[in-house]
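Trainee: Pasting a structure here, questions to come.
Readers should treat all values here as calculations from the given coordinates under stated rules, not as data from a laboratory. The shown structure was predicted, so the numbers you read here are calculated from the model rather than taken from an experiment. Please note: Cβ atoms are built from the backbone with ideal geometry, for glycine as well, and neighbour counts cover all protein chains shown.
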Amino acid sequence: MASFLSLFLISSLTLAAVLISVTGETLESDFLHHKKEKLTHFRVYWHDIVSGQDPTSVPIMNPPKNYTGATGFGLMRMIDNPLTLAPILSSKMVGRAQGFYAATSKEEIGLLMAMNFAIIDGKYNGSTITVLGRNSVFDKVREMPVIGGSGLFRFARGYVQARTHVFDLKTGNAVVEYNCYVLHY
């Protein structure tokens, strides 16, 4: 019985791999042959609201109780942050940054950022870009890669540059300017 299950599993995985590679190759070839790659630049303001009655960033994991460092190592926050055209929260919202960030450095305040910029306005409405990278928050400019996207940003690649616009020490709230440079079809 065990050998039958092993043979069945191996056969199923092999068939799945063949179907995926054949289907994927055809889809990519057809899609890419008819499209021209272009570079899109846009700037948004990311509002990380950790205080008040309606925070957009909430802790999902705190540092271990026995950790005494000052970097917050181990802290993780889930986000659904507004993306606006100007640094003021009441300005036009064009999307949401959805994902998480986690304090991953014991030596400095360095974050792992994993988030989708979900666009809800204009030409790119319904499209996303995915950002995954390291954010050394006290650096003047931080660069993180764009590793993919959806909708009009399908096959996206590129980078974002983050600059802190405002950080409120009392509330912990922050506004960060993101300049996004995205190659896509």
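Trainee: Taking the range 86-171, how much of its Cα-Cα pair set, in percent, is spaced more than 22 angstrom apart?
Mentor: For the range 86-171, the fraction of Cα-Cα distances above 22 Å is 33 percent.
Trainee: Under a straight-distance cross-link criterion of Cα-Cα below 22 Å, which lysines are reachable from K65, leaving out those fewer than 8 residues away in the same chain?
Mentor: Excluding near neighbours in sequence, the set is K106.
Trainee: Please tell me the relative contact order of the range 32-185 in percent, rounded to the nearest whole number, where contacts are Cα pairs under 8 Å and at least six residues apart. Can you show the working numbers first?
Mentor: Numbers: 414 pairs, mean separation 35.6, N = 154.
After rounding, I find 23 percent.
Trainee: Can you list, largest first and rounded to whole Å, the semi-axes you get for the range 34-185 by taking the square root of 5 times each eigenvalue of its Cα gyration tensor?
Mentor: Working from the Cα gyration tensor, I get semi-axes of 28, 17, 13 Å.
Trainee: Also: With no solvent and one point per C-alpha, what does the Debye sum give as log10 I(q)/I(0) for the range 53-125 at q = 0.17, 0.28 Å⁻¹?
Mentor: Treating every Cα as an identical point scatterer, log10 I(q)/I(0) equals -0.72, -1.19.
Trainee: Using DSSP to define loop residues, name the chymotrypsin sites (Phe, Trp or Tyr not before Pro) in the range 42-89 whose beta-carbon has at most 14 other beta-carbon atoms within 10 Å.
Mentor: Sites meeting the loop and neighbour criteria: Y67.
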